Amino acid sequence: MSQLIVLGLQWGDEGKGKIVDLLCPAFDVVARYQGGHNAGHTVRFGDRHFALHLIPSGILHEQTRCVLGNGMVINPEAFFSELDDLEASGVEVEGRLFISERAHVLLPLYAAVDQARERQLGEQAIGTTSRGIGPAYENRASRAGIRMCDLRSDDLEARLRPLHARLANELRSAEAEVPSLESLAADCREWAARLEPYVADTGALLQAWMAEGKGALFEGAQGALLDLDHGTYPFVTSSNSTAGGACTGTGIPPTAIDGVMGVLKAYTSRVGGGPFVTELEDETGEFLRRRGNEFGTTTGRPRRCGWLDLVASRYACRLNGVASIALTKLDVLDELAEIPVCVGYRIDDQVTCEMPARSEDLERAEPVYEVLPGWQEETAGALEFDDLPERARRYVQYVEERLDAAVHIISTGPRREETCLRRDGWLDGILGEGLSRVATAIRG
Ligand code: IMP
């Protein structure tokens, strides 16, 4: 069985949830490697809709084991709330949900710190999800953080003391209530008791499962352009959402990975602040937002929308070694007569096809577009590539040529059966026998 990374090639919200859900039947394990409850997707299960932020959607597949890797920052209260929802719906998680003992605890109080920082930044605010993700990773990097395995330690108070002192300062400046060290320790003990059945050495488990021949899908959260190192800094999240994060964030070696699939939306969206070269602040942007239902799953914020940016996505493909693409929300473009795609950035009269490091340069960049003809026909439900309108096929092929990667999955609606699967040697090799199970999930 293969080990596959699936990640977003833009600024998040590419539709990874549906793609991971589709691929689940071909894998034994789904592992998340970074981020926390800033991520989110809504998944349908029977008659119910779940908004999952921490637990991979693979949990809704009875055979699938789910791992929350060491690279994540986990708010225990958010985790319990998802667990309660799942249990209330009869989803059995026992024995197949694992949290890394090395994952960091995101204290719920970090949210107040996150919000205060954003207020201080004023117009330069990042536009975070206000979940406390940045403060959790800062404390991790400064070695003051508390990990899952520390929650049960005998010297918990001693471990918490430096963190508490730092937190007290931060909370005071945020004019938020400062809890006592004792009450913080009591919360930790309470969480530890409920978390205990799930906390494990997930790196060792993953390696043992792989040695038994099991396959894992490593699910990236957010998107490549929000990566702390490679994204549009400082308008990024605080973790490595790119492929390298899958190894550091789960404890498996790079040599274990067999391939990377990038999820690319047929246009672009972004939530929060930061440069967005192809943004449309007009009625076309509004059309994409409405038709694509571009409102955040985690915060409900309207997403900024614009054309496909092939400079940024080519950069993301190279960065992640993407050989395979899942192109999502193609149907959102169905009615348009013309579809511009960005193939270069004009910065101070120079055209570049490379991604500038400085956000200031991106802010000044003018998009250089190539305009492709729209197909103005419905694409929803096309199961075969040849069922798509000719101009829609041309759009897909254009993306493949520009990104130098094969589009294996084309999604034309939120439902499983609104998916076109394009087999080739690469996909057959990665999914193996699982391919027929994926095809069955699509065709019903
Ligand atoms: P943080 O991750 O909450 O610190 O937010 C940093 C930036 O990442 C902000 O622009 C957020 O809007 C963005 N962001 C974080 N998580 C997601 C996500 O799951 N989808 C899209 N954008 C996200």
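Points worth noting:
- Residue in region 83-96 that is surrounded by 22 or more Cβ atoms within 10 Å (Cβ to Cβ), within 27 Å of residue 240 (Cβ to Cβ) and touching a residue at least 12 places away in the same chain (Cβ under 8 Å) present: no
- Subset of region 320-366 that is assigned to a strand (DSSP E or B) and of a type in the set (Gly, Ala, Ser) - its residue that is farthest from residue 247 (Cα to Cα): 344
- Region 95-111, subset under 22 Å from residue 165 (Cα atoms) and in contact with a Ser or Thr (Cβ under 9 Å, 6 or more places away or on another chain), residue modelled with the highest pLDDT: 103
- Checked against the criterion of being under 17 Å from the mean Cα position of the chain (by Cα), closer than 21 Å to residue 252 by Cβ, assigned to a strand (DSSP E or B) and within 16 Å of the ligand (Cβ to nearest atom), the candidates 67, 73 yield just one match: 73.
- Flag for residue 260 being more than 15 Å from the ligand (Cβ to nearest atom), assigned to a strand (DSSP E or B) and touching a helix residue (DSSP H, G or I) at 6+ places or on another chain (Cβ under 9 Å): yes
- Considering 12, 8, 36, the condition of being at positive phi and within 16 Å of the ligand (Cβ to nearest atom) is satisfied by 12 alone.
Residues checked against (1) among the β-branched types (Val, Ile, Thr); (2) in the same structural domain as residue 40 (by TED's automatic domain parsing); (3) surrounded by 23 or more Cβ atoms within 10 Å (Cβ to Cβ); (4) within 18 Å of the chain's Cα centre (by Cα):
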| site | (1), (2), (3), (4) |
| --- | --- |
| 258 | no, yes, no, no |
| 266 | no, yes, yes, yes |
| 269 | no, yes, yes, yes |
| 275 | no, yes, no, no |
| 284 | yes, yes, no, no |
| 287 | no, yes, no, no |
| 290 | no, yes, no, no |
| 295 | no, yes, no, yes |
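- Search result, residues across region 222-253 that are within 14 Å of the ligand (Cβ to nearest atom) and either outside the structural domain of residue 297 (by TED's automatic domain parsing) or more than 24 Å from residue 277 (Cα to Cα) (or both): 245
- Residues in region 118-139 that are more than 7 Å from the ligand (Cβ to nearest atom) and surrounded by 20 or more Cβ atoms within 10 Å (Cβ to Cβ): 5 in all.
- Residue selected from region 276-309 under the condition in contact with an Asp or Glu (Cβ under 9 Å, 6 or more places away or on another chain) and within 11 Å of the ligand (Cβ to nearest atom), by the criterion modelled with the lowest pLDDT: 297
- Of the residues making up region 22-38, none is more than 24 Å from residue 242 (Cα to Cα) and assigned to a loop (DSSP other than H, G, I, E, B).
- Residue within region 413-420 that is in contact (Cβ under 8 Å) with a residue 12 or more places away in the chain, in a helix (DSSP H, G or I) and in contact with a Leu (Cβ under 9 Å, 6 or more places away or on another chain) present: no
- Within region 400-411, residues that are over 18 Å from residue 19 (Cα atoms) reach partners that are of a type in the set (Ser, Thr, Tyr) and at pLDDT 95 or above with beta carbons closer than 7 Å, at six or more positions or on different chains, in the pairs 403/313.
- Any hit, region 39-53, residues being part of a strand (DSSP E or B), over 20 Å from residue 262 (Cβ atoms), among the hydroxyl-bearing types (Ser, Thr, Tyr) and within 16 Å of the ligand (Cβ to nearest atom): yes
- Selection of first residues in region 169-195 that are exposed (fewer than 12 other Cβ atoms within 10 Å of the Cβ) and of second residues that are small (Gly, Ala, Ser), restricted to Cβ pairs under 9 Å at least 6 apart or on distinct chains, gives the following pairs, ordered by first then second residue: 175/112; 175/116; 177/112.
The values are calculated or read from the model by the stated rules, or taken from the named source; none is laboratory data. Just so it is clear, the model here is predicted, and its values are computed rather than measured. Reconstructed Cβ throughout: ideal geometry from the backbone, glycine too, with neighbour counts over all protein chains shown.
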